[in-house]
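Worksheet for the structure shown next.
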Amino acid sequence: MKHLTALAAALTLSAPAMADTDPTNWQSVVEEARGQTVYWNAWGGSTTTNDFIAWIGEKVAADYGVTLEHVKLTDTADAVARVTAEKAAGQETDGAVDMIWINGANFAAMKDAGLLFGPFAEALPNWQYVDVDGKTVTTDFTVPTDGYESPWAMAQVVFIHDSATLPQPPKSAEALLEWSAANPGRFTFPQPPDFLGTTFLKQMLIELVEDPAVLQQPVGDDYAEVTAPLWQWLSELTPTLWREGRAYPQTGPRQLQLINDGEIDMAISFSPGEATAAIANDQLPETARTFVLDNGTLGNASFVAIPFNASAKAGAMIVANMLLSPEAQLRAQTPDILGYGTVLDMDALPEADRAAFDALELGVATLTPAQLGQALPEPHPSWMRQIEADWSERYGVGN
């Protein structure tokens, strides 16, 4: 009830922003959505993810008459920049971007600039199944979502290793540094600003910083002091990396290819089920396994948001709601499809859906929730932006 009260208050405050489409009148949303084409701007660097989005498109087409077009991005910031440019040009309607796979700094920037439609998330019919108490789905990198984005997947940092060449992987920043020095060229990470590369930097900062709690606040005047241990650690690690740190893989999938080709022994991932899916798809050897660090790893949710001037707001809400359906969430968690964690509360599901989740085999290389442990909270987005910029200046290719 408290969520409905908060939603009603937010809707009252935001009524002018969504007079054309009312999320609380779901029947009108369904009627308006029929025949619409939704341009979902989402990362397109993974075949399995692309296939899942295509399946979502088949579902909304069959059930609601909505056409879903996947606009494949290499960087979410490109979609944010498109909406920002439209806003600057006074384009208040008929925007080119209908929905964005988003979180972190990009969400914070759009929210601060008033570039988002909503609130809509808590009005979605399938919101009733979302685990609002047990999972971080109402804040995004410490920023309250306030209903302006809807979650659709849970992620937690894991590391993938080839157990045939690395049976006992390093499970701390110190151990990784020692192992990489003793085995030069056998480790790397995606080049920031790739989100996995930046995630690796944040993961190491959380472990190396004196007080991780400071990262929950915006960057302050003590930035240099707080991050000094990270830069010292990287100064020792970088020369020991693959290609001596003079080149980096551009994406997460490229890391996996390097493992499959026998060039490196371990890689970072934000999907606990990615190794199992990659084995099934012949992208990793059968000896690939997954581990987490001794002191825990970062976790967050993936969200979708709708720009303020989207052409197909109703259709975008249909897609967001489909992503929250038990059927879609179960498919996303299936190891050889995506292996993503679910945002749903098992106790809130109908018995048949709960049984389907209980029966799901996670796969040989996927850690159970107990093995993953409690996810560490993401730092405030300002830390990511500053660390990305500093890393590029210090270690970016060509420097």
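Please treat every number below as a calculation from the coordinates, not as lab data. Every value quoted in this text rests on a predicted model; they were computed, and no experiment measured them. Here the Cβ positions follow ideal geometry from the backbone for every residue, glycine too, while neighbour counts run over all protein chains shown.
Miscellaneous remarks
- Mean projection of the Cα convex hull over all viewing directions, computed for the stretch 14-98: 6.4 nm².
- Ellipticity at 222 nm from helices only: DSSP H runs of n ≥ 4 in the chain, each -39500 (n - 2.57), divided by the residue count, give -12000 deg cm²/dmol.
- Electrostatic dipole magnitude of the stretch 247-302 [Cβ: Lys, Arg +1; Asp, Glu -1; Cα centre; debye, to 20]: 160
- Cα-centre dipole for the chain with unit charges at Cβ (Lys and Arg positive, Asp and Glu negative), debye to 20: 380
- Cα-based equivalent ellipsoid of the chain: semi-axis lengths in Å, sorted from largest, via gyration tensor: 35, 24, 19
- Spherically averaged projected area of the stretch 221-263 from its Cα convex hull (nm²): 4.0
- Think of the stretch 11-146 as having a plus end and a minus end, set by charges on the Cβ of Lys, Arg, Asp and Glu; of 93, 129, 55, 55 sits farthest toward the positive end of this dipole.
- Its relative contact order, with pairs defined as Cα atoms under 8 Å and 6+ residues apart, puts the chain at 27 percent.
- Charged-residue dipole, Cβ positions (Lys, Arg, Asp, Glu), the stretch 152-248 about Cα centre, Debye nearest 20: 500
- Of 386, 248, 298, farthest towards positive along the dipole that unit charges on Lys, Arg, Asp, Glu beta carbons give the stretch 241-399: 386
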